[in-house]
Amino acid sequence: MRFLTAGESHGPVLTAIIEGLPAGLPVTEQYINTELARRQGGYGRGGRMQIERDRVTILSGVRGGYTLGSPVTLQVENRDWKNWQHIMGSGTDADLAGRRVSRPRPGHADLAGGIKYRQRDMRNILERSSARETAVRVAVGTIARRLLEELGITVMGAVVRIGSVETKWPDLEVRKIKDILAASQVLCPDPASEVLMKEEIDRTRESGDSLGGIFEIHTYGLPAGLGSHVHWDRKLDGLLAGALMGIQAIKGVEVGAGFNAATLPGSLVHDEIFYGTEKGFYRETNRAGGIEGGISNGEAIVVRAAMKPIPTLYKPLRSVDIETKEPFQASVERSDVCAVPAACVVGEAVTAQVLASICLEEFGGDHLEEIRERVTSHRNYQMGF
């Protein structure tokens, strides 16, 4: 399963083409739109979310609610395009001087991208580097999530830290955690911590600053044996880390115990192996995060990502104009105070995409029924190993 996205933040649309989906997968625009709405929600979001009401249009590869096996094309309209078409238009009559950017913003791709692509107008960089692109990536990941659901695999994310307020993934049934998260404005699995997170967001907004945080993605039901120890670029943890680091503003990724494992003796890091006739091989702890040697081991996959604070502040940072070389204070555009809950939704999407892709690679098949049969056969093999 491969995909490619295209589009600019203030262009007409964001588009994605997905290749490699099997036929027979039930997919609807309504199902995808639910996840797009989750990405736009969250306490601490900025003005752009008041403009956009993301909706997907499926342009190919689906008929009557089921995939055909051919490439699927997705499109998400940018409603703000009507205010930008004279500036962002593709024709020679576009107003290239309008809203020209010669002042790079600290923490963005403006200056580095301008140097790389030899662009004196950094509008040509920031339009694509914007996190607006993640809208269509969530649409892609939602279709991947749909495939995983059909195979008995659940992907779920939660925010476990915003600023200085930290909580832990609760030791509860998956359904109960889902109910808590559905009622949370910051996707926090602990209501008491959510109150503190929202208070910290409010204080930060008043001071003109921004906040980052950490989200955690748990995947339940992934069979053992996916990924590989044979080649570095097929290791499951490497693929997940790369996908999560590909989200705008993510600066760190952990699997299982992560960096904390470096502070502990081996006896408190490695998961002992047990066997039961009803469960097969299992572990009573999951410090490995469900991955050993780059291969899933049958336990829950646990990954964690750290998001830096949004770099566009209402308390401007200093920079230098690339034309005059004079110092200035970076301009303020519409910005979020905290976008960690939105990043968590994107994290779920990219995690689902990696796992769906690796399932298709492992089990193959041109129709959903073939894949489902092979997954069932593999689970039976795993139990009898």
Förster radius 30 Å - calculated FRET efficiency between residue 278 and residue 231 (Cβ-Cβ, nearest 0.05): 0.30
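Let me know the charge dipole size of the stretch 231-378 about its Cα centre in debye, to the nearest 20, where only the beta-carbon of Lys, Arg (+1) and Asp, Glu (-1) is charged. Provide the component values of the computation, followed by the final result.
Values: 14 positive and 21 negative charges, 136 e Å.
Roughly 660 debye, rounded to the nearest 20.
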Most fluctuating residue given options 137, 103, 120, as computed from a GNM of the chain linking Cα atoms under 10 Å: 120
Loop chymotrypsin sites (Phe, Trp or Tyr not before Pro), the stretch 152-247, which have at most 15 other Cβ atoms in a 10 Å radius of their Cβ (DSSP): none
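Quick one: putting +1 on the C-beta of Lys and Arg, -1 on the C-beta of Asp and Glu, what dipole do you get for the chain around its Cα centre, in Debye to the nearest 20?
On the way: 46 positive and 49 negative charges, 204 e Å.
That gives a dipole near 980 debye.
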Most fluctuating residue given options 33, 124, 83, as computed from a GNM of the chain linking Cα atoms under 10 Å: 83
For 231, 10, 270, order by how many other beta-carbon atoms lie within 10 Å, fewest first: 231, 270, 10
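Stretch residue 259-residue 121 to full length: gain in nm at 0.36 nm per residue minus the Cα-Cα span? Show your work: numbers first, answer last.
Details: separation 138, 0.36 × 138 = 49.68 nm, distance 4.00 nm.
Stretched fully, the residue 259-residue 121 segment lengthens by 45.7 nm.
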All-pairs Cα distance distribution in the stretch 1-157, expressed in whole percent, bin size 10 Å: 10, 34, 31, 19, 6, 0
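Suppose a student asked you for the relative contact order of the stretch 81-159, using Cα pairs under 8 Å spaced at least 6 residues apart; what percent would you report? Spell out each step's value before the answer.
On the way: 47 pairs, mean separation 12.7, N = 79.
Once normalised by length, the contact order is 16 percent.
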At least 15 Å along the helix axis (C-alpha) and Kyte average at least -1.0, DSSP helices within the chain: 134-150, 340-363
Reference-scaled alpha-carbon Rg (2.2 N^0.38 Å with N residues) for the stretch 103-259: 1.24
Pairs beyond 23 Å (Cα-Cα), from 178/198; 178/235; 116/235; 178/308: 178/235; 116/235; 178/308
Amide H partners (placed H, <5 Å) of residue 367, local residues excluded: 23
Most fluctuating residue given options 370, 292, 272, as computed from a GNM of the chain linking Cα atoms under 10 Å: 272
Amide H partners (placed H, <5 Å) of residue 162, local residues excluded: 214
Loop trypsin sites (Lys or Arg not before Pro), the stretch 1-90, which have at most 14 other Cβ atoms in a 10 Å radius of their Cβ (DSSP): 53
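Looking at the chain from every direction and averaging, what is the projected area of its Cα convex hull in nm²? Intermediate results must be reported in sequence, preceding the final value.
On the way: hull surface 84.5 nm².
So the Cα hull casts an average projection of 21.1 nm².
Counting only other residues whose beta carbon sits under 12 Å from that of residue 227, what net charge do I get with K and R as +1, D and E as -1?
Counting the neighbours of residue 227, the net charge comes to -3.
May I ask you to derive the relative contact order of the chain, considering only C-alpha pairs under 8 Å and at least 6 residues apart, and to give it as an integer percent? Don't skip to the answer; put the middle values down first.
Numbers: 780 pairs, mean separation 85.9, N = 385.
For the chain, the relative contact order is 22 percent.
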Between the stretch 78-122 and the stretch 196-213, the alpha-carbon center distance in angstrom: 29
Segment residue 13-residue 97, length gained on full extension (0.36 nm per residue, minus Cα span): 28.0 nm
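Read-outs: derived from the displayed coordinates by stated rules, not from any lab. Quick caveat, the model's predicted, so the values are computed rather than measured. So basically every Cβ, Gly included, is an ideal-geometry build from the backbone, and we count neighbours across all protein chains shown.
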